[in-house]
Amino acid sequence: MLLGMVCLWPAPTPAAFETGSSLLLKCQHHGVPFPELGPKAAYQLGACYSYLAGVLDVLGLRGEICPRTAVNPAELATIFVGFARMQPPAVLQHPALLFIQVAFERAFPCNE
């Protein structure tokens, strides 16, 4: 289903802040403790966590997802990375928001 949605998604443009691929690259050190990372890797992982937390806030405020109150950035990265790694590389050139939203909707559904 996601592949079908992505095929209808417009081609990535320079206006997209992050693609699925670029965010996955920033999140690649997920699971490694910060003290064990070099400065560049720590910065990238911090950017990954911040981006995912920001999207979580927006989707939650819009009522599109219903996250638990105790969710943390590392858990968000686990959700995103697991979902993104299942996608074909060519598809990951689309905006990261598409992948994050689908992954978070699956992880944090709202019970109606």
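Quick notes on this structure:
- If the condition is being in contact with a strand residue (DSSP E or B) (Cβ under 9 Å, 6 or more places away or on another chain) and in a loop (DSSP other than H, G, I, E, B), then the stretch 85-97 contributes only His94.
- When each of Leu98, Leu52, Leu92 is tested for being crowded, with 17+ Cβ neighbours inside 10 Å and either modelled with pLDDT of 95 or more or among the aromatic types (Phe, Trp, Tyr) (or both), the lone residue that passes is Leu52.
- Among the residues of the stretch 63-112, just one is within 12 Å of Ser22 (Cα to Cα), of a type in the set (A, V, I, L, M) and touching a Phe, Trp or Tyr at 6+ places or on another chain (Cβ under 6 Å), namely Ala84.
The values are calculated or read from the model by the stated rules, or taken from the named source; none is laboratory data. This is a predicted model, so every value here is computed, not measured. All Cβ positions, even for glycine, are placed from backbone atoms using ideal geometry, and neighbour counts span all protein chains on display.
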